[in-house]
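Written out below as C-alpha coordinates is the structure these notes cover.
The values are calculated or read from the model by the stated rules, or taken from the named source; none is laboratory data. As the structure is a prediction and not an experimental result, all values here were calculated from the model. Reconstructed Cβ throughout: ideal geometry from the backbone, glycine too, with neighbour counts over all protein chains shown. Ligands, DNA and RNA are stripped out before the accessible areas are found, and what is left, the full protein with its side chains, is counted by its heavy atoms. Shrake-Rupley method; radii C 1.70, N 1.55, O 1.52, S 1.80 Å.
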Amino acid sequence: MGDSLRTPLSRVTGLGSAKDGTHHWWMQRLTAIALVPLTFWFVASLASLVGADRDQVADWMAGPLPALLMILFLGTAFYHFKLGLQVVIEDYVHAEWVKITLLVLNNFFCIALGGACVLSVLLLLFGG
Amino acid sequence: MATQDRPLSPHLQVYRPQITSMLSILHRITGVGLGAGTLLIAWWLIAAATGPEAFDTAQAFIGSLIGRLILLGFTWALFYHLCNGIRHLVWDAGYGYDLDSVTRTGWLVVVASLVLTALAWIAGYGMRGL
(Lines give C-alpha, C1' and ligand atoms only; values in the text may rest on other atoms or scores of the structure.)
Protein backbone atom coordinates (compact mmCIF):
# COMPACT_ATOMS: atom_id res chain seq x y z
CA MET A 1 0.00 0.00 0.00
CA GLY A 2 2.86 2.35 0.80
CA ASP A 3 4.26 1.95 -2.72
CA SER A 4 0.92 2.71 -4.42
CA LEU A 5 0.69 5.77 -6.59
CA ARG A 6 -2.94 6.16 -5.60
CA THR A 7 -3.63 8.79 -2.98
CA PRO A 8 -5.25 7.77 0.32
CA LEU A 9 -8.25 9.93 -0.61
CA SER A 10 -8.66 8.04 -3.90
CA ARG A 11 -8.66 4.72 -2.05
CA VAL A 12 -11.16 5.93 0.52
CA THR A 13 -13.69 7.35 -1.94
CA GLY A 14 -13.40 4.23 -4.13
CA LEU A 15 -14.72 6.03 -7.18
CA GLY A 16 -12.05 4.86 -9.67
CA SER A 17 -10.92 6.59 -12.86
CA ALA A 18 -14.46 7.19 -14.15
CA LYS A 19 -15.32 8.99 -10.86
CA ASP A 20 -18.49 6.93 -10.74
CA GLY A 21 -17.55 4.00 -8.48
CA THR A 22 -20.18 1.26 -8.30
CA HIS A 23 -23.10 3.64 -8.96
CA HIS A 24 -24.02 2.17 -12.37
CA TRP A 25 -23.79 -1.44 -11.13
CA TRP A 26 -25.78 -0.65 -7.98
CA MET A 27 -28.57 1.23 -9.77
CA GLN A 28 -28.91 -1.64 -12.25
CA ARG A 29 -29.43 -4.07 -9.35
CA LEU A 30 -31.73 -1.73 -7.45
CA THR A 31 -33.98 -1.22 -10.48
CA ALA A 32 -33.85 -4.99 -11.19
CA ILE A 33 -35.13 -5.80 -7.68
CA ALA A 34 -37.90 -3.20 -7.95
CA LEU A 35 -38.89 -4.54 -11.37
CA VAL A 36 -39.56 -8.08 -10.12
CA PRO A 37 -42.90 -7.29 -8.40
CA LEU A 38 -43.68 -4.39 -10.78
CA THR A 39 -43.35 -6.64 -13.85
CA PHE A 40 -45.70 -9.27 -12.44
CA TRP A 41 -48.20 -6.50 -11.69
CA PHE A 42 -47.76 -5.04 -15.18
CA VAL A 43 -48.34 -8.35 -16.99
CA ALA A 44 -51.35 -9.19 -14.77
CA SER A 45 -52.81 -5.74 -15.48
CA LEU A 46 -52.37 -6.02 -19.25
CA ALA A 47 -53.86 -9.53 -19.18
CA SER A 48 -56.90 -8.12 -17.37
CA LEU A 49 -57.24 -5.40 -20.04
CA VAL A 50 -57.30 -7.74 -23.05
CA GLY A 51 -60.22 -6.75 -25.27
CA ALA A 52 -60.93 -3.57 -23.27
CA ASP A 53 -61.89 -0.45 -25.23
CA ARG A 54 -60.35 2.98 -24.69
CA ASP A 55 -62.88 4.08 -22.03
CA GLN A 56 -62.33 0.94 -19.96
CA VAL A 57 -58.55 1.48 -20.10
CA ALA A 58 -59.03 5.16 -19.17
CA ASP A 59 -61.32 4.21 -16.25
CA TRP A 60 -58.79 1.70 -14.97
CA MET A 61 -55.88 4.15 -15.26
CA ALA A 62 -57.90 6.86 -13.48
CA GLY A 63 -57.42 4.94 -10.22
CA PRO A 64 -54.57 6.40 -8.14
CA LEU A 65 -53.02 3.00 -7.38
CA PRO A 66 -52.84 1.68 -10.97
CA ALA A 67 -51.55 5.09 -12.12
CA LEU A 68 -48.88 5.16 -9.41
CA LEU A 69 -47.75 1.58 -10.08
CA MET A 70 -47.71 2.21 -13.84
CA ILE A 71 -45.55 5.34 -13.38
CA LEU A 72 -43.20 3.43 -11.05
CA PHE A 73 -43.00 0.56 -13.54
CA LEU A 74 -42.32 2.85 -16.51
CA GLY A 75 -39.75 5.00 -14.72
CA THR A 76 -37.88 1.99 -13.33
CA ALA A 77 -38.05 0.01 -16.58
CA PHE A 78 -36.79 2.87 -18.76
CA TYR A 79 -33.99 3.64 -16.28
CA HIS A 80 -33.04 -0.07 -16.18
CA PHE A 81 -33.08 -0.22 -20.00
CA LYS A 82 -30.90 2.90 -20.25
CA LEU A 83 -28.32 1.33 -17.91
CA GLY A 84 -28.35 -2.02 -19.74
CA LEU A 85 -28.19 -0.67 -23.29
CA GLN A 86 -25.33 1.63 -22.22
CA VAL A 87 -23.23 -1.44 -21.30
CA VAL A 88 -24.13 -3.20 -24.57
CA ILE A 89 -23.01 -0.12 -26.55
CA GLU A 90 -19.80 0.23 -24.53
CA ASP A 91 -19.00 -3.48 -25.07
CA TYR A 92 -19.63 -3.79 -28.81
CA VAL A 93 -19.16 -0.34 -30.38
CA HIS A 94 -15.49 0.60 -30.58
CA ALA A 95 -15.36 3.57 -32.98
CA GLU A 96 -15.27 6.46 -30.52
CA TRP A 97 -17.58 8.94 -32.25
CA VAL A 98 -20.17 6.23 -33.04
CA LYS A 99 -20.06 5.06 -29.43
CA ILE A 100 -20.52 8.57 -28.02
CA THR A 101 -23.36 9.28 -30.45
CA LEU A 102 -25.17 6.06 -29.51
CA LEU A 103 -24.68 6.72 -25.78
CA VAL A 104 -26.24 10.17 -26.21
CA LEU A 105 -29.13 8.75 -28.28
CA ASN A 106 -29.66 6.05 -25.64
CA ASN A 107 -30.22 8.75 -23.02
CA PHE A 108 -32.47 10.81 -25.30
CA PHE A 109 -34.54 7.77 -26.36
CA CYS A 110 -35.14 6.48 -22.84
CA ILE A 111 -35.93 9.87 -21.30
CA ALA A 112 -38.15 11.05 -24.17
CA LEU A 113 -40.13 7.81 -24.55
CA GLY A 114 -40.35 7.27 -20.79
CA GLY A 115 -41.50 10.87 -20.38
CA ALA A 116 -44.16 10.45 -23.08
CA CYS A 117 -45.44 7.27 -21.40
CA VAL A 118 -45.62 8.88 -17.95
CA LEU A 119 -47.36 11.94 -19.40
CA SER A 120 -49.95 9.65 -21.02
CA VAL A 121 -50.63 8.00 -17.67
CA LEU A 122 -51.04 11.43 -16.02
CA LEU A 123 -53.44 12.59 -18.77
CA LEU A 124 -55.55 9.47 -18.22
CA LEU A 125 -55.38 9.88 -14.44
CA PHE A 126 -56.61 13.47 -14.56
CA GLY A 127 -59.56 12.76 -16.82
CA GLY A 128 -58.21 12.18 -20.35
CA MET B 1 -7.00 4.70 -35.12
CA ALA B 2 -4.15 2.13 -35.17
CA THR B 3 -5.96 -0.25 -32.83
CA GLN B 4 -9.04 -0.59 -35.08
CA ASP B 5 -8.11 -3.64 -37.15
CA ARG B 6 -6.57 -5.86 -34.52
CA PRO B 7 -7.94 -9.43 -34.45
CA LEU B 8 -10.39 -9.96 -31.61
CA SER B 9 -9.96 -12.66 -29.00
CA PRO B 10 -11.50 -15.04 -27.97
CA HIS B 11 -12.76 -16.55 -31.21
CA LEU B 12 -16.23 -17.37 -29.92
CA GLN B 13 -17.23 -19.45 -32.94
CA VAL B 14 -14.76 -22.27 -32.05
CA TYR B 15 -16.62 -23.03 -28.80
CA ARG B 16 -19.43 -25.58 -28.57
CA PRO B 17 -22.67 -23.83 -27.58
CA GLN B 18 -23.39 -24.39 -23.88
CA ILE B 19 -26.40 -23.58 -21.72
CA THR B 20 -24.33 -21.03 -19.74
CA SER B 21 -23.05 -19.00 -22.69
CA MET B 22 -26.30 -19.27 -24.67
CA LEU B 23 -28.44 -18.01 -21.77
CA SER B 24 -25.91 -15.26 -21.08
CA ILE B 25 -26.12 -13.78 -24.58
CA LEU B 26 -29.88 -14.42 -24.59
CA HIS B 27 -30.14 -12.15 -21.53
CA ARG B 28 -28.62 -9.31 -23.55
CA ILE B 29 -30.66 -10.06 -26.68
CA THR B 30 -33.94 -10.13 -24.73
CA GLY B 31 -32.91 -6.94 -22.91
CA VAL B 32 -32.37 -5.06 -26.18
CA GLY B 33 -35.54 -6.61 -27.63
CA LEU B 34 -37.59 -5.50 -24.63
CA GLY B 35 -36.24 -1.98 -25.12
CA ALA B 36 -37.49 -2.06 -28.71
CA GLY B 37 -40.79 -3.48 -27.44
CA THR B 38 -41.32 -0.42 -25.24
CA LEU B 39 -42.23 1.37 -28.49
CA LEU B 40 -45.37 -0.79 -28.65
CA ILE B 41 -46.25 -0.07 -25.01
CA ALA B 42 -45.59 3.64 -25.59
CA TRP B 43 -47.85 3.60 -28.66
CA TRP B 44 -50.62 1.88 -26.70
CA LEU B 45 -50.40 4.33 -23.74
CA ILE B 46 -50.11 7.47 -25.89
CA ALA B 47 -53.03 6.26 -28.03
CA ALA B 48 -55.16 5.71 -24.91
CA ALA B 49 -54.36 9.25 -23.75
CA THR B 50 -55.04 10.69 -27.24
CA GLY B 51 -58.54 9.35 -27.81
CA PRO B 52 -60.79 6.48 -28.99
CA GLU B 53 -59.77 6.62 -32.68
CA ALA B 54 -56.04 6.51 -31.94
CA PHE B 55 -56.64 3.74 -29.40
CA ASP B 56 -58.65 1.66 -31.89
CA THR B 57 -55.81 1.96 -34.43
CA ALA B 58 -53.23 0.78 -31.88
CA GLN B 59 -55.55 -1.98 -30.64
CA ALA B 60 -56.19 -3.16 -34.21
CA PHE B 61 -52.47 -3.59 -34.81
CA ILE B 62 -51.85 -5.31 -31.47
CA GLY B 63 -54.82 -7.62 -32.12
CA SER B 64 -53.61 -8.56 -35.61
CA LEU B 65 -51.59 -11.73 -36.25
CA ILE B 66 -48.28 -9.84 -36.46
CA GLY B 67 -49.20 -7.77 -33.40
CA ARG B 68 -50.01 -10.90 -31.40
CA LEU B 69 -46.77 -12.59 -32.47
CA ILE B 70 -44.77 -9.53 -31.37
CA LEU B 71 -46.69 -9.44 -28.08
CA LEU B 72 -46.09 -13.17 -27.54
CA GLY B 73 -42.36 -12.69 -28.16
CA PHE B 74 -42.39 -9.65 -25.87
CA THR B 75 -44.11 -11.62 -23.09
CA TRP B 76 -41.61 -14.47 -23.30
CA ALA B 77 -38.61 -12.08 -23.50
CA LEU B 78 -39.95 -10.21 -20.48
CA PHE B 79 -40.33 -13.38 -18.38
CA TYR B 80 -37.01 -14.81 -19.56
CA HIS B 81 -35.17 -11.58 -18.69
CA LEU B 82 -37.04 -11.43 -15.36
CA CYS B 83 -36.24 -15.04 -14.37
CA ASN B 84 -32.63 -14.90 -15.56
CA GLY B 85 -32.31 -11.51 -13.85
CA ILE B 86 -33.31 -13.15 -10.55
CA ARG B 87 -30.62 -15.79 -11.32
CA HIS B 88 -28.12 -12.95 -11.70
CA LEU B 89 -29.24 -11.39 -8.41
CA VAL B 90 -28.67 -14.73 -6.66
CA TRP B 91 -25.14 -14.81 -8.13
CA ASP B 92 -24.63 -11.22 -6.94
CA ALA B 93 -25.52 -12.42 -3.44
CA GLY B 94 -22.73 -15.01 -3.78
CA TYR B 95 -24.70 -18.23 -4.32
CA GLY B 96 -25.05 -20.83 -7.09
CA TYR B 97 -21.67 -20.64 -8.82
CA ASP B 98 -20.81 -24.36 -9.04
CA LEU B 99 -21.32 -26.04 -12.43
CA ASP B 100 -24.25 -28.21 -11.33
CA SER B 101 -26.14 -25.22 -9.95
CA VAL B 102 -25.40 -23.05 -12.99
CA THR B 103 -26.77 -25.72 -15.35
CA ARG B 104 -29.78 -26.51 -13.15
CA THR B 105 -30.82 -22.90 -12.59
CA GLY B 106 -30.27 -22.23 -16.31
CA TRP B 107 -32.80 -24.86 -17.37
CA LEU B 108 -35.10 -23.80 -14.52
CA VAL B 109 -35.12 -20.28 -15.96
CA VAL B 110 -35.97 -21.58 -19.45
CA VAL B 111 -38.85 -23.71 -18.14
CA ALA B 112 -40.13 -20.97 -15.80
CA SER B 113 -40.15 -18.39 -18.60
CA LEU B 114 -42.20 -20.69 -20.84
CA VAL B 115 -44.66 -21.59 -18.04
CA LEU B 116 -45.15 -17.94 -17.01
CA THR B 117 -45.68 -16.91 -20.65
CA ALA B 118 -48.32 -19.63 -21.06
CA LEU B 119 -50.06 -18.59 -17.82
CA ALA B 120 -50.13 -14.91 -18.85
CA TRP B 121 -51.68 -15.73 -22.23
CA ILE B 122 -54.19 -18.17 -20.74
CA ALA B 123 -55.19 -15.42 -18.28
CA GLY B 124 -55.42 -12.89 -21.12
CA TYR B 125 -57.58 -15.11 -23.31
CA GLY B 126 -59.68 -16.03 -20.26
CA MET B 127 -60.49 -12.32 -19.81
CA ARG B 128 -61.45 -12.05 -23.47
CA GLY B 129 -63.96 -14.86 -23.03
CA LEU B 130 -65.74 -13.14 -20.13
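For chain B, rounded, prolate or oblate, judged on the Cα gyration tensor with a ≥ b ≥ c (square roots of eigenvalues), a/c < 1.5 rounded, else prolate if a/b > b/c? Because a/c hits 1.5 or more and a/b fails to exceed b/c, chain B counts as oblate. Other residues whose C-beta falls under 15 angstrom from the C-beta of B:Leu23 contribute a net charge of +4, scoring Lys and Arg +1 and Asp and Glu -1. Within the listed set A:Leu46, A:Leu105, A:Leu15, the Gaussian network model of chain A (springs between alpha-carbon atoms below 10 Å) gives the highest mean-square fluctuation for A:Leu15. Taking every protein chain into account, the accessible area of the protein assembly as shown amounts to 61 square angstrom per residue (probe 1.4 Å). Database remark: amide H of A:Asp53 closer than 5 angstrom to no amide H (H placed geometrically; neighbours at sequence offset of 5 or more, or on other chains; Pro and chain starts carry no H).
Measuring heavy-atom accessible area with a 1.4 angstrom probe and counting protein chains only, the residues of the range B:84-130 that give up at least 50 Å² relative to the chain alone are B:Leu89, B:Asp92, B:Met127. When all protein chains stay in place and ligands, DNA and RNA are ignored, the 1.4 Å accessible-area order of B:Val110, B:Val102, B:Val32, B:Val14, largest first, is B:Val14, B:Val32, B:Val110, B:Val102. Rg ratio for the range A:8-125: its Cα radius of gyration over 2.2 N^0.38 Å, N being its residue count, equals 1.35.
Computed from point charges on the beta carbon alone (+1 for Lys and Arg, -1 for Asp and Glu), the dipole magnitude for the range B:36-129 about its Cα centre is near 180 Debye. Peptides A:118-124, A:54-60 ranked from most to least packed give A:118-124, A:54-60, packing being the mean of other C-beta atoms within 10 angstrom over each peptide's residues. Using a probe of 1.4 Å on the protein chains alone, the accessible area found for B:His11 is around 100 Å². Mean residue ellipticity at 222 nm, helices only, chain A: -26500 deg cm²/dmol; runs of at least 4 DSSP H residues each add -39,500 (n - 2.57), and the sum is divided by the number of residues.
Taking every protein chain into account, the 1.4 Å probe leaves B:Trp121 with about 50 Å² of accessible area, to the nearest ten. Measuring only protein heavy atoms, the 1.4 Å probe finds A:Ile100 accessible over about 90 Å². Charged neighbours of B:Thr103, selected by a Cβ distance under 15 Å, balance to +1 (K, R count +1; D, E count -1).
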